[in-house]
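Below you'll find the structure, written out as structure tokens, and then a few comments.
The values are calculated or read from the model by the stated rules, or taken from the named source; none is laboratory data. Remember, it's a predicted structure, so these values are computed and weren't measured experimentally. Don't worry about glycine lacking a Cβ; one is built from the backbone with ideal geometry, like all the others, and counts go over all protein chains shown.
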Amino acid sequence: MKVITKISIAIIAMLNIMPCAKAEEKTNTIDTQRNIIKLNCGTGMLFSKIYDNSKRIEKNTSSTLDLSLNYIHLYDKKHGYIFDLTYSNIIGLEKNELFLGAGIYGIKTKDNGWYYDGNLCIGYIRKDFGQGENGIALKGQIGGGYKLSEHLSIGANLGALAGIYMDKEENYNYSSSKYSIDNEGNRPIRLTLSIGVQYYF
């Protein structure tokens with residue numbers, strides 16, 4: 001009877017210790033993960049003058065549909081670098097913008113599975129309308145989410161992008177009424193709210 005009691009106590013103790021060991025092993029595994037793939041989809045607001053020749057519509061603000069893919073490498077548990085590829089479609093005008101950049105990334109993780117992160121990128125921006133089709137842009141993003149498993153999390157992000165497009169010299173004709181049309185959207189500012197998933201490996 002005493003043997004059975006001891007065995008029962010040992011089994012109960014093992015069952016209590018095992019979840020702690022698994023949690024510790026999982027935490028250690030997360031700490032050693034150095035790469036993140038992030039996929040976000042959302043909607044935004046573009047503050048830029050755009051003229052649609054086909055519809056004869058001029059807009060100062062437009063809604064956008066944004067899709068971004070990020071690759072992140074962490075040097076330690078909190079800091080690293082990021083590559084950002086973002087595609088934006090201007091809703092209702094069938095016009096597009098593409099951003100490709102690189103920058104710095106930071107993340108703060110909690111023991112309960114929540115995390116907060118942010119990044120700042122500089123890179124190349126391109127649009128398929130107007131005269132200035134190529135330029136440079138600065139993009140920043142902050143967000144947070146919850147880790148569902150060792151390799152997967154979900155979250156939400158708030159981002160901002162500001163760009164400058166390079167115009168051809170002959171398009172700078174301030175006396176021409178076509179100036180605002182030829183150089184449409186050359187100082188874009190965009191705010192985006194998105195949701196997405198992250199894969200850790």
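Do we have Gly140 as touching a residue at least 12 places away in the same chain (Cβ under 8 Å), in a strand (DSSP E or B) and out of contact with any Asp or Glu (no Cβ under 8 Å at 6 or more places or on another chain) here? Even if it seems obvious, please write down each step before you answer.
On the way: touching a residue at least 12 places away in the same chain (Cβ under 8 Å): yes; in a strand (DSSP E or B): yes; out of contact with any Asp or Glu (no Cβ under 8 Å at 6 or more places or on another chain): yes.
Yes, satisfied.
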Just wondering, is there one or more residues in the stretch 149-160 that are more than 19 Å from Tyr199 (Cβ to Cβ) and either of a type in the set (D, E, K, R) or surrounded by 15 or more Cβ atoms within 10 Å (Cβ to Cβ) (or both)? yes
Only one of (1) at pLDDT 95 or above; (2) over 17 Å from Leu69 (Cβ atoms); (3) of a type in the set (A, V, I, L, M) does not apply to Met166, and that is (1)
